[in-house]
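Following: one structure in structure tokens, then a few remarks.
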Amino acid sequence: MRVVLAYSGGLDTSVAIKWLQEKYDAEVITMTLDIGQLEDLKAIEEKAKALGVYKHYSINAIDEFVERYVARAIKANALYEGKYPLHSALSRPLIAEKLVEVALKEGADAVAHGCTGRGNDQVRIEITVKSLAPHLKIIAPVREWELSRDREIAYAKEKGIPIPIKDKPYSIDQNLWGRSIECGPLDDPYAEPPEDAFEWTVDPSKAPNEPTYVTLTFKNGLPIAINGVEMSLKDIIASLNKIAGQHGVGRVDHIEDRVVGIKSREVYEVPAAICIVEAHKDLEKMTLTKHELAFKSMIDDAWSRLVYEGLWCDPLREDLEAFIDKTQDRVEGEVKLKLYKGSAMVVGRKSPRSLYDCLLYTSPSPRDLSTSRMPSSA
């Protein structure tokens, strides 16, 4: 049996390699996707090979992730339940797609992932895989082996699997569009997130005492420049993550409804996503009619829910995007953001396609009032 495993280099998927080899006598092929998670892919590849995998794939998919997934999320103002910019949800169908591509190329019988039975990712990956290649078997070792953490560590030691040294009690997932932090002290919904949970953003109370102003230029619904300097969407996102993060912008803490029917406490760092979506929504208010805006808010919500629930391959997503893309033809212009102490406030906007007429709000001079014709009394 040949299995392609989505491999992160962490304990769960490292143990999964040995588990698949023993339980299924499988030739395990590992695949790691670079979507901007800031990890050493070469070290991950070396670790996989040291664990005896048949072959390893390291795939740079940052551009594809941004252009095919993040760009669509921006146009749809994608914020699940008004909070979550879907950074992890957007990456899962791409991971599943690459799993299928490698599986078909290598003649594999199955694909595998390291998702648990409590989260959303198992649903997102498995639905996408079955949509693209229904003949492939899907194996979920972490969900199937029912090992406790202690037993998993004992198994790793027995098999000579390196155990990552963790100095923080969190489960982290990140890519270019955002970073999520779960577990440990965050399981208590009343406890304020400890400062050591954050890496991309400074404590807003310790952010600079002077604001920074950033101007985003949009064309066809997507940002194309920062402060007049044109750059790729990928570079805009990376720049904003750094600039806004320095001002404490982008921290999200909320209770979220998962696909599997449970509520979870989610903490995110999404500096660029907050800035771009906020600016994009504001520019739409200036360039779209009130009827388009009202209807598009429903479309955006439907799009976000589809993606969150793992239904990227549902034809409805493309149907919704046909409407969204049409509205974006007029979404162009500049939006000025004020970054200060954790907030990203829109303080100015202009557009050649604006429906706002400032002349309507220009006060007439006293002379104009004195010479205006007043209706005569009967």
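The values are calculated or read from the model by the stated rules, or taken from the named source; none is laboratory data. Small disclaimer: the values here were computed from a predicted structure and weren't measured. Here the Cβ is made from the backbone with ideal geometry for all residues, glycine too, and neighbour counts use every protein chain on show. To get the accessible areas, we keep the full protein, side chains included, count just its heavy atoms, and leave off ligands, DNA and RNA. Shrake-Rupley method; radii C 1.70, N 1.55, O 1.52, S 1.80 Å.
Assuming charge only on the beta carbon of Lys and Arg (+1) and of Asp and Glu (-1), the dipole of region 5-54 about its Cα centre is about 100 debye to the nearest 20.
From the alpha carbon centroid of region 157-204 to that of region 290-325 is 31 Å.
Straight-line reach from Lys49: taking Cα to Cα under 20 Å and skipping same-chain neighbours fewer than 8 places apart, the aspartates and glutamates in range are Asp12, Glu22, Asp25, Glu27, Asp34, Glu39, Asp40, Glu106, Glu158. Note on region 221-325: Lys pairs 8 or more places apart or on different chains, Cα atoms under 26 Å apart, count 8. Secondary structure note: in the chain, about 70% of the DSSP beta bridges are antiparallel. Kirkwood analysis of region 55-104, using all unique Cα-Cα pairs, places the hydrodynamic radius at 12.0 Å. Normalised per residue, the accessible area of region 28-111 is 36 Å², obtained with a 1.4 Å probe and no contribution from ligands, DNA or RNA. The label point for Ile224 and the one for Gln246, both projected 7 Å from the Cα toward the Cβ, are 2.7 nm apart. All alpha carbon pair distances within region 190-290 were sorted into 10 Å bins beginning at 0; the resulting P(r) in whole percents reads 13, 37, 32, 17, 2.
Across region 189-203, coupling constants 3J(HN,Hα) worked out from phi with the 6.51/-1.76/1.60 Karplus curve, θ = phi - 60°, read x, 8, 7, 5, x, x, 5, 6, 6, 9, 10, 8, 10, 7, 4 Hz, and Gly and Pro carry x. Between the listed residues Gly82, Val4, Gly52, the Cα displaced farthest toward the positive end of the dipole of the chain, a dipole computed from Cβ unit charges relative to the Cα centre, is found at Gly82. A full extension of the chain between Ser239 and Ala154 corresponds to an added length of 26.4 nm, given 0.36 nm per residue minus the alpha carbon distance. Here the calculated FRET efficiency for Ala294 and Phe323, from their Cβ-Cβ distance with R0 = 22 Å, stands at 0.95, rounded to the nearest 0.05. Here the calculated FRET efficiency for Lys350 and Asp63, from their Cβ-Cβ distance with R0 = 35 Å, stands at 0.70, rounded to the nearest 0.05. Here, P(r) means the percent of Cα pairs in each 10 Å bin from 0 to the largest distance; for the chain it is 5, 21, 29, 23, 12, 5, 2, 1, 1, 0, 0. Packing around the peptides 62-71, 282-291, 189-198, taken as the average count of other Cβ atoms within 10 Å per residue, puts them in this order, highest first: 62-71, 282-291, 189-198. In this structure, Leu316 and Asn209 have a Cβ-Cβ separation that, at R0 = 45 Å, corresponds to a calculated FRET efficiency of about 0.40.
Using a cutoff of 8 angstrom between alpha carbon atoms and counting only pairs six or more residues apart, the relative contact order for region 82-182 works out to 30 percent.
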